[in-house]
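Participant: This structure is in structure tokens; I'll ask about it shortly.
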Amino acid sequence: MPAGRVAYVDGRYSRHGDAAVHIEDRGLQFADAVYEVFMVMGKLLFDEEAHLDRLERSLGELSIAMPIHRGALKVVLREMVRQNRIVDGFVYLQVTRGVAKRDHFIPKAAQPSLILTARPFNAAAIEKRRGNGVAVFSAPDIRWARCDIKSTALLPNVLAKSASQAKGGYEVWFVDDNGFVTEGGSTNAWIVTRDGVAVTRALSNDILPGVTRGAILQALKDEGIAYEVRSFTVEEALNSREAFVTSATGGAMPVVTLDGKTIGNGHPGSVSARIQEAYMRLATREAVSNASRKNSG
Ligand code: PLP
């Protein structure tokens, strides 16, 4: 086992700095690739099955085959956690259509490539951010019409998030042609109405079906917290009690300003905090039972 950070490329574990892909990999040439990010807490993979379900769906929409069987992929995910000695961190997984002579036409015989990296995260820094809340800036949603596919073609997200960052923001909220918020650059968008109802946009081709969004909707059901699945505008968000964004990497992260204007009282809200706790309970329970199932069989 190599020392230090370890990456995985097509069946081989190697030192992170030595790992490489072919220059004619279609992931590099065309962003002909999809990805997933798994959160690891206490060495456990969170929402593993839902991430793998979404990976299979994204690949299916692009007619890319799973590079290895799902069971084998779970073994690689666990090896990445183990070999990188991750206690709290992330595993990043990418599947590309594979290597072929550069040509727009989809090659008939490419072998999909599988790439994984992992890194620890600073749990204290994330909790500090959760304690402060984050700033969001809105921007027109100029992305393509298949945002439901977790494609690595993230240039609009990269540009919009960076424009937000230049203004002191942490995230962007994309806004569709009708003035409704679609989602964040790497998160799903939520508000909490003045009546305490959590609201997030319905699934469609306009947004990524966030695994954390899905798990939180389940947690809201389980705990009897009121919610609505519908669109909302920037104006409604500005008049709401709370707002937050969700992702595997941050759970439910409170939003305290939007376009430089305060949301609610300008501090992370109690409903968002309750939702984060409910999510963590549900996800931890599931991760523990998933891990013990694996150990026993
Ligand atoms: N929306 C977009 C555009 C994303 O890129 C992400 C995560 O990367 C999300 C939403 C949140 O998805 P998840 O909860 O599965 O991390």
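Participant: Determine which member of the set 12, 54, 5, 26 is at pLDDT 95 or above, at negative phi, within 21 Å of the chain's Cα centre (by Cα) and of a type in the set (D, E, K, R). Don't jump to the end; show me each part of the working.
Facilitator: Details: 12 fails: within 21 Å of the chain's Cα centre (by Cα); 5 fails: within 21 Å of the chain's Cα centre (by Cα); 26 fails: within 21 Å of the chain's Cα centre (by Cα).
The unique qualifying residue is 54.
Participant: Can you spot a residue in the range 165-186 that is under 20 Å from residue 25 (Cβ atoms) and assigned to a loop (DSSP other than H, G, I, E, B)? Steps first, answer last, please.
Facilitator: Pass one, the range 165-186, residues under 20 Å from residue 25 (Cβ atoms): none.
Looking for residues that are under 20 Å from residue 25 (Cβ atoms) and assigned to a loop (DSSP other than H, G, I, E, B), one finds none in the range 165-186, hence no.
Participant: Filter the range 126-142 for residues that are surrounded by fewer than 20 Cβ atoms within 10 Å (Cβ to Cβ) and either within 18 Å of the chain's Cα centre (by Cα) or among the acidic types (Asp, Glu) (or both); which is nearest to residue 39 (Cα to Cα)?
Facilitator: 126
Participant: Then there is this: Could you say which residue among 83, 111 is away from the ligand (no atom under 16 Å from the Cβ), among the polar types (S, T, N, Q) and open to solvent by 60 Å² or more (accessible area, probe 1.4 Å)?
Facilitator: Details: 83 fails: open to solvent by 60 Å² or more (accessible area, probe 1.4 Å).
Matching residue, one of 83, 111: 111.
Participant: Residues in the range 197-213 that are part of a helix (DSSP H, G or I) and of a type in the set (A, V, I, L, M, F, W, C): how many? Quick ask: steps written out before the conclusion?
Facilitator: Going residue by residue through the range 197-213, those that are part of a helix (DSSP H, G or I) are 211-213.
From what's left, of a type in the set (A, V, I, L, M, F, W, C): 211.
Matching residues across the range 197-213 total 1.
Participant: Let me ask something else about it. Suppose we keep only residues that are within 10 Å of the ligand (Cβ to nearest atom) and surrounded by fewer than 22 Cβ atoms within 10 Å (Cβ to Cβ) within the range 181-207. Which one would you say is nearest to residue 139 (Cα to Cα)? Lay out the reasoning, then the answer.
Facilitator: Narrowing the range 181-207 to residues within 10 Å of the ligand (Cβ to nearest atom): 182-189, 207.
With surrounded by fewer than 22 Cβ atoms within 10 Å (Cβ to Cβ) added as a condition, the list becomes 182, 186.
Numbers: 182: 10, 186: 14 Å.
Across the range 181-207, the extreme among qualifying residues is 182.
Participant: Let me ask you something else. Which members of the range 1-41 meet the condition of being more than 22 Å from residue 153 (Cβ to Cβ) and of a type in the set (Lys, Arg)?
Facilitator: 5, 12, 15
Participant: Would you confirm whether any residue within the range 93-102 is under 30 Å from residue 254 (Cα atoms) and open to solvent by 50 Å² or more (accessible area, probe 1.4 Å)?
Facilitator: We begin by selecting, within the range 93-102, every residue under 30 Å from residue 254 (Cα atoms); these are 93-94.
After this cut, where a residue has to be open to solvent by 50 Å² or more (accessible area, probe 1.4 Å) as well, the list is none.
No, every residue in the range 93-102 fails to be under 30 Å from residue 254 (Cα atoms) and open to solvent by 50 Å² or more (accessible area, probe 1.4 Å).
The values are calculated or read from the model by the stated rules, or taken from the named source; none is laboratory data. Given the structure is predicted, the values throughout are model-derived calculations rather than measurements. Heads up, the Cβs are rebuilt from the backbone with ideal geometry, glycines too, and the neighbour counts pull from every protein chain shown. To get the accessible areas, we keep the full protein, side chains included, count just its heavy atoms, and leave off ligands, DNA and RNA. Shrake-Rupley method; radii C 1.70, N 1.55, O 1.52, S 1.80 Å.
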